[in-house]
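Notes follow the structure.
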Amino acid sequence: MADKTAKLTFDGKEIELPILSPTAGPDVLDITKLYAQGGVFTYDPGFTSTAACDSTITFIDGGKGELLHRGYPIDQLAEDSHYLEVCYVLLYGELPSAEQLEDFENRVTMHTMLHEQMVYFYRGFRRDAHPMAIMTGVVGAMSAFYHDSTDINDPWQREVASIRLIAKMPTIAAWAYKFSIGQPFVYPRNDLDYASNFLRMCFAVPAEDYQVNPILSRAMDRIFTLHADHEQNASTSTVRLASSSGANPFACIAAGIACLWGPAHGGANQACLEMLEEIGSVDRIPEYIARAKDKDDPFRLMGFGHRVYKNFDPRAKVMKKSADEVLELLGVENNPKLQVAKELEKQALSDPYFAEKKLFPNVDFYSGIILEAMGFPTSMFTPIFALARTVGWISQWKEQLADPKLKIGRPRQLYMGETMRDYVDIEKR
Ligand code: SDX
C-alpha cells in the first residue's frame, strides 16, 4: 500500500493520488483513479514519464548506466554466465542449481526442430526477402502449427510455448538466412550448445563438415546475453499490449519482432554498420557529427543515444571489449569500421552537443562490427537481436499473464479533431 500521496488541485477539485515506492528507481504516482475522480487524462506521447506496469524482471539505472536482470548486473552475467542460464534467471527469477540448469537446457534442446511443413512456408517468400520479414511471418505462423500451446489460460501450454519459442528461434533465424542465400537448411544438432548450434545452422553446408570456432560461439553466446531483456522497451511493450487482448504467444512475439525491426530500435545495429560503411574513413567523421547535430538534417548517429541511459549503456562497454577480443583473435583487429567506430565515439563524446544531451553509444553501436567479422550480412543483425530478445519478451509476457491486475491495454487520447457536425450531401458541398 502507498505510504505517501500527492495532492492535485485544479478546477476547484482536490485529488489525492497514492505514490508507490519501488525497490529501485524513482517513485511512481498511481493515476489509475485519476479519470474517475478528476475527469481528466494524463498526456505522455512516447511514455517518457509513464510506467505501464510493475515488474520484477529487469531494472535499468539510466543515470549510472547499470542493467540488472533479477538483480544480477549484466557485466557479471556476460562474463560469468551463459545465455541459457540467463534465460533461466529471466524466466524463473533465480540462478538455477546444476540439476535445474541441466533439465532446462535439455528441454530447450528437445524443441529446436521446426515442424517439417514449415519448410514449405519459407518457400513462399522471395529469395531477396529481408530475414526480419521472414521471421515475422514464420513466428506468427507458428500459431498455425503448434495448436497445443496456444491456450494462454493453461499454465502447461504457456510453459511449452515459452520453451518452443526460445528453442526454435535460432532455427527460424538461421533458416531465414539460408533461404536468402539459396543454401539448403541445416538442421539443429542435440550435441551442440545453443550458440554453436546457431552458428552451425547458419554457416555449415552439406558438402563438408563444419567445426564451430569456440571463440565465435563464446562471442555469439555473449551477444545473445547482452540482448536478452531490457525493461519496457518498444518491442516488449508491444508484446505486452498484444498479450493483454488474450492473443496467443506466437502472435504476440511476432508483434514484438515487427516492432524491433525499426531503425530507432533493434534495426539500429544494421543501420549503424551501414552508417559506418558510409562514413568510410576517420577523416569524414566531423562531417557526419555536424550532420547529426544539424536540426534540419534528419541524420542521427545510429547506435548512439537512449531513452533511459543518460550514461554509457553497460552492454556497449561489454560489446566494445568483445569486439576488440574477437577481431584480434580473428586477425582483423585493423578492421576499418572498428577504427571508424572508435574514433567516432571519441569525437562524439568530446563534443558538447552529445555531452549536453547525454548521448552515449548503446548496445547497437559495436554489435554489428562483431557480427560482420563473424560472417553475418547486415540483414541478419536484427534477426539475431530478435532471437536473443525472445526470452525477454516471453518472461515479460508470462509475468503479465500472472498479474491479477491484468486488463486489456487501451490508452486514451487528447482529441484535437472536429467536434460534432452534420453530413452535407455532395450536391450542397
Ligand atoms: C535500442 O528502449 C530500449 O531499451 C531499447 C534497447 C533495448 O535493448 O530494447 O536499448 C535497444 O533500441 C537501442 C537504441 C537504438 N537506436 C539507435 O541507436 C537510433 C539512434 N538513436 C536515436 O534515434 C534516439 O537516441 C533513441 C530513439 C534511441 C532515443 O530517442 P528519445 O529517447 O526519444 O530521445 P529524443 O529522440 O527525444 O532525443 C533527445 C535529443 C533530441 O534533440 P532535441 O530535439 O532535444 O534538440 O537528442 C537528440 C535528438 O535530436 N538525439 C540525437 C540522437 N539521439 C537523440 N542526435 C543525434 N544522434 C542521435 N543518435
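What is the calculated FRET efficiency for residue 296 to residue 119, with r their C-beta to C-beta distance and R₀ = 56 Å, to the nearest 0.05? According to the calculation, E is roughly 0.70. Full extension of the segment from residue 144 to residue 356, taken as 0.36 nm per residue of separation minus the current Cα-Cα distance, would add 71.3 nm. Computed over the chain, the per-residue total of -39500 (n - 2.57) for DSSP H runs of n ≥ 4 gives a 222 nm mean residue ellipticity of -15000 deg cm²/dmol, rounded to 500.
Treating r as the C-beta distance of residue 54 and residue 205 and R0 as 60 Å, the FRET efficiency rounds to 0.80. Reducing region 126-166 and region 239-296 to their Cα centroids gives an inter-centroid distance of 23 Å.
Between residue 413 and residue 342, the contour length at 0.36 nm per residue exceeds the alpha carbon distance by 21.2 nm. All alpha carbon pair distances within region 184-286 were sorted into 10 Å bins beginning at 0; the resulting P(r) in whole percents reads 13, 25, 32, 24, 5, 0. When each of the peptides 131-140, 391-400 is scored by how many other beta carbons lie within 10 Å of its residues on average, the order from highest to lowest is 391-400, 131-140.
Packing-based ranking of 37-49, 237-249, 365-377, 408-420 yields 365-377, 237-249, 37-49, 408-420, ordered from highest to lowest mean Cβ neighbour count within 10 Å. Of the peptides 291-303, 192-204, the ranking by mean beta-carbon count within 10 Å, highest at the top, reads 192-204, 291-303.
Legend: residue pairs 4/64; 310/357; 13/33; 178/337; 4/405; 321/342, Cα-Cα distance threshold 18 Å; pairs beyond threshold, 4/64; 178/337; 4/405.
Every read-out reported here was derived from the displayed coordinates using simple, explicitly stated rules and does not represent laboratory data. No experiment lies behind these values; they were computed from the predicted model shown. Neighbour counts run over all protein chains shown; Cβ positions are idealised from the backbone, glycine included.
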